[in-house]
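S.K.: Before anything else, here's the structure in question.
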Amino acid sequence: GLVTAVAHGSAIYANLAGSLSFSQIVKAGEPAFAAAVGYGVYRNGVSWRKLLCLVPVIGGIAIASATELDYTLASFAAVSLANLAAAFRGCENKRVMAGELQSALGGEGNAYGVTTLWAALLLLP
């Protein structure tokens, strides 16, 4: 729940700190963050086919970001934090669903629902 709250909060801040178009362009790089976190932290292998699919995504983000006029470092940092937190959320949910909690939760949809509810409670003022 905590990483879901961080992902949501930093994505919202990124939209406030810079232009919406720039934050959405950088947010599209989330699959690259997920692959890096999965490989680097969780030691999950990433196939070369999946990595090859990331090339056009990263290239498109680079091209779109190069023409963006409203670039702010605060927005970029917040979106990067959101991408990193979302990558950890995905990897943790996958790890939970592979373990003994799978039968207790009942499925992937329920795991994401519980995570989202905890995040909502953490974001309450």
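The values are calculated or read from the model by the stated rules, or taken from the named source; none is laboratory data. Values in this document were obtained by computation on a predicted structure and should not be read as measured data. Cβ atoms come from the backbone with ideal geometry, glycine included; neighbour counts cover every protein chain shown. The area values use the complete protein model at the heavy-atom level, side chains included, leaving out ligands, DNA and RNA. Shrake-Rupley method; radii C 1.70, N 1.55, O 1.52, S 1.80 Å.
S.K.: Send over a whole-number figure in Å² for the accessible area per residue of region 36-120, probe 1.4 Å.
M.R.: Per residue, region 36-120 has 66 Å² of solvent-accessible surface.
S.K.: Among 35-48, 4-17, how do they line up by average Cβ neighbours within 10 Å per residue, starting with the highest? Don't skip to the answer; put the middle values down first.
M.R.: Working: 35-48: 12.8, 4-17: 19.2.
Listed from highest to lowest mean packing, they are 4-17, 35-48.
S.K.: Quantify, in whole percent, the carbon and sulfur part of the accessible surface of region 1-117 (1.4 Å probe; protein heavy atoms only).
M.R.: On the way: 4800 of 7020 Å².
Roughly 68 percent, rounded to a whole number.
S.K.: Going 7 Å from the Cα of Arg95 in the Cα-to-Cβ direction, what parts of region 4-35 have a backbone nitrogen less than 15 Å from that spot?
M.R.: Those under the cut-off are 4, 34-35.
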